[in-house]
Amino acid sequence: MKKIIYTILVATAFMLSIQSCEEFLVEDNKVGQTADLTYSTNTGIQGLVASCYSFARTFYGKEAGLGLSEMGTDLFYYGYDNKQKSLNSYNITSVSLDGNTADNACLDQYWEAFYCAVDVCNTALQFVPLCEVISESTRSQFMGEAYFLRAFYYFHMVNIWGAIPYNEEAINSIITNPTRTSEEEVYTNILSDLDKSIAAFQDANYMIKTEGRASYWAARALKARVLLYSASWLGKTENYGLAKTEAEAVINSGIASFYSNYSDTWSMNNEDVTVNKEAIWGVTYSSDIATNVNCVPYRYKTGSNGSQLQYNGLITRTGYSRGGNAMLLMFVGMWNNGASDLGGNGKETFVRALGESTYYITNIATGDKVYVADTYSPYGRGFTRYLPSLYLWNLLEDNRATDQRTEGTILDAYTIAPGLQGSSKNYPLIQDTAIYYCGMDANSPKGQALQAWAKDRYRIQFQSGGDIPVYTSSDPSKALPTEAAKGVSNVYGDARYNTYKIGGWCSFPGIKKFQDNVFNPAYPTHDLSSRDAFVLRLAEMYLIKAEAELGAGNSSAALATLNQLRAVRAIPGKNNSLSGSVNINTILDERAIELCGEQQRWFDLKRTKTLVDRVKAYNAQASGQIQSIHYYRPIPQAQLDAVTNLTNGPDPEGFWQNPGY
């Protein structure tokens, strides 16, 4: 499926967080063209509107954005070499680490990126009405897109930082004394923008999904989410009813529908947000990974030599040589996690034939050389970023018998390449399974039986207990990924292993819905993917509706709505419905099953004011440090250094750091 990534046009934009005049990027006036002239052309105005989308690719499908939206929650622990551990341990500060990739929340760069994005949107809102070469319908469409995206970026900022500076017009001079607009007012402005977006799209009759661009139903879906947030976080309970109305409208619109097989939602054959039946809107990535250099824009901030700076590698992944979605890399274990006799990493024998590099593994039982594909990597990647919490794994296991989403989400087994049967010194009876992650305690009667069965057949790792446990405890409030120091022998009581790589921080069940098996079916975790990042999906509308019904005091209606979604996700012939009373934990459990890893969880726990309690209950890596100050992220130090009106606390005329930082 062809997808387009638009080159960014340089707009009139200044950043609030830059420290000197020399570090600002002013308008690039090539060959004497002015903004007035450039944006009066069809090409110029189309490019300007398209450029409004580019900054979303700094966040969705990117490691750094994932850290700010999923780390420090009840769903995930950090793995052995996660690059944002401070987000999970709640040891974050306001320090602007810029190019550091060892442990960087990238807050300074997202502050910059989102304000740059807003400025481009404001520029579009200024020049689209003035452009005389486009039709009225196109003008309305472009205005709808610009209003939608301005609301979209501000929505992220207000939920990360709280009160923030709010700019309604493009910046044309350096601001040294910005003030912070209250959260209530920012939310009011966001909803106003979405109403303007909806009206403009309606005027343009722009209702369809096309090339990943926002349209009428995307705006109404985002409005449903914003209304729910304002109701739960700001206490505007009257907005529960409005959120339900918007969600129901999207559900009944026909813009999206469900696949009968949940896994089809995540198939790479359906990854294009325009084609996917369930997707409403998302962030697009080009199918050309190698040359997709414009996937993420250069920064507006410039270095000491005047050149534009690049965003951190946690945002770009591979720099500016190529780009794409990195989610397939974030939730899998190590490819060499103590499994050298289970196929290793596929690079035992290197053969060059007909000018092509191919990899073979020798079957130790037969002596045959087995081709395992050019880039065979059966057990994940050479690094570990995220592993599921015991709470998430248990939640999925509890629903395995009736719900398709467990099988479609949890990656609990790895296989060897065909032709390597019997090729293992430690597991001479090996057939296809190499590693199996079992969702139970090894010390249970069934666990003991499974351990005995697996002997000589494959490696089995239980949640807790056994030779190689994934977690240190079966108590979700205490469980930590098991660790071992390099070179320490028999840490887990199994004499076959003396490597730190088999600990739970490296070897664990993965999340498979982001994998890419089209590039190479034998290598679903290649370096980057062209997968689009779904931001708004039909299933979320049911979850919004259910929570809105609960918030309005109608728990029975909330249960009925949840069961509508669960009926769609049911294994054929199985009763997947819930019974009993519904509370916010019921909603959050269902959102975990449906949306885990989709860059919403931290925001969900924040807005429902359950962040501290649920982290203490389900994330022992973070439970000792988290406190109420962490409902907000720190304002980046680069911004604080740039202002002249810094105060010690909230001041309508001043600028201040969030409390506790």
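A short reminder: the numbers here are calculations on the coordinates, not readings from a lab. In this text, all values refer to a predicted model and were calculated from it rather than measured experimentally. FYI the Cβ positions are ideal-geometry reconstructions off the backbone, even for glycines, and counts take in every protein chain you see.
So what is the relative contact order of region 547-661, in percent, for Cα pairs below 8 Å that sit 6 or more residues apart? Relative contact order, region 547-661: 13 percent. Extending 7 Å from Cα along the Cβ direction at Ser628 and again at Ser321 yields two label points whose distance is 5.0 nm.
Membrane-span-like helices in the chain, defined here as complete DSSP H runs extending at least 15 Å along the helix axis by their C-alpha atoms with mean Kyte-Doolittle hydropathy no lower than -0.5, are 107-127, 136-161, 183-204, 216-233, 238-253, 538-551, 555-568, 584-595; this is a sequence and geometry rule, not a statement about a membrane. Using the Cβ-Cβ distance between Asp613 and Ala567 with R0 = 30 Å, the FRET efficiency computed as 1/(1 + (r/R0)^6) comes to roughly 0.50. Beta bridges per DSSP, both residues in the chain: antiparallel share near 75 percent. With the charge dipole of the chain set up from +1 on Lys and Arg Cβ and -1 on Asp and Glu Cβ about the Cα centre, the Cα lying farthest toward the positive end among the listed residues Asn276, Ala105, Leu390 is that of Leu390.
How do 592-602, 627-637, 93-103 rank on mean C-beta neighbours within 10 Å, highest first? Present the calculation step by step, with values, prior to reporting the outcome.
Numbers: 592-602: 21.6, 627-637: 18.9, 93-103: 15.7.
Sorting 592-602, 627-637, 93-103 by mean packing, highest first, produces 592-602, 627-637, 93-103.
Counting charges near Leu149 (Lys, Arg +1; Asp, Glu -1) among other residues having Cβ under 13 Å from its Cβ returns a value of +1. When a/c reaches 1.5 or more, the comparison of a/b and b/c decides; with that in mind, is region 91-131 rounded, prolate or oblate per its Cα gyration tensor? Prolate. In straight-distance terms, cross-link reach from Lys209 covers every one of the lysines whose alpha-carbon lies under 21 Å from its own, apart from those fewer than eight places away in the same chain; here that gives Lys2, Lys3, Lys196, Lys223, Lys277. Helix-only arithmetic for the chain: the sum of -39500 (n - 2.57) across DSSP H runs with n ≥ 4, divided by the residue total, places the mean residue ellipticity at 222 nm at -10000 deg cm²/dmol.
Taking a straight Cα-Cα cut-off under 17 Å and skipping sequence neighbours fewer than 8 places away in the same chain, the aspartates and glutamates within cross-link reach of Lys574 are Glu397, Asp398, Asp403, Glu407.
In the structure shown, the pairs Lys512/Lys606; Lys512/Lys616; Lys513/Lys606; Lys478/Lys512; Lys85/Lys244 are assessed against 29 Å; a Cα-Cα span above that value is assigned to Lys85/Lys244. With only the Cα atoms considered, region 511-591 has a convex hull volume of 124 Å³ per residue. For region 403-480, the antiparallel share of DSSP beta bridges with both residues in that region comes to about 40%. With contacts taken as Cα pairs under 8 Å and at least 6 residues apart, the chain reaches a relative contact order of 20 percent.
Each of Thr34 and Asn575 was given a label point 7 Å from its Cα along the Cα-to-Cβ line. The distance between the two points is 7.4 nm.
Count Lys and Arg as plus one, Asp and Glu as minus one, and take only other residues whose Cβ is under 13 Å from that of Asn269; the net charge is then -3. Computed 3J(HN,Hα) for region 619-624, one whole-Hz value per residue from the Karplus formula 6.51 cos²θ - 1.76 cosθ + 1.60 where θ = phi - 60°, is 9, 5, 5, 10, 5, x, glycine and proline marked x. Computed about its Cα centre, the charge dipole of the chain is approximately 1500 debye, with only Lys, Arg, Asp and Glu carrying charge at their Cβ. Amide H contacts of Asn517: Met268, each under 5 Å away and 5 or more positions distant or on a separate chain (H built 1.01 Å from N in the peptide plane; Pro and chain starts excluded). Between the amide H of Arg537 and those of Ile280, distances stay under 5 Å, these residues lying 5 or more places away or on another chain, with hydrogens modeled in the peptide plane. Packing-based ranking of 175-184, 141-150 yields 141-150, 175-184, ordered from highest to lowest mean Cβ neighbour count within 10 Å.
Whole-Hz Karplus values for region 471-483 come out as 10, 7, 8, 8, 8, x, 7, 10, 5, 10, x, 5, 10 Hz, taken residue by residue from phi with 6.51 cos²θ - 1.76 cosθ + 1.60 and θ = phi - 60°; glycine and proline positions read x.
Report the full-extension gain for the segment Asp368 to Lys236: residue separation times 0.36 nm, less the Cα-Cα distance, to one decimal in nm.
Between Asp368 and Lys236, full extension yields an extra 40.7 nm.
The alpha-carbon atoms of region 27-163, seen along their principal axes, cover 55, 31, 26 angstrom, with the largest extent given first.
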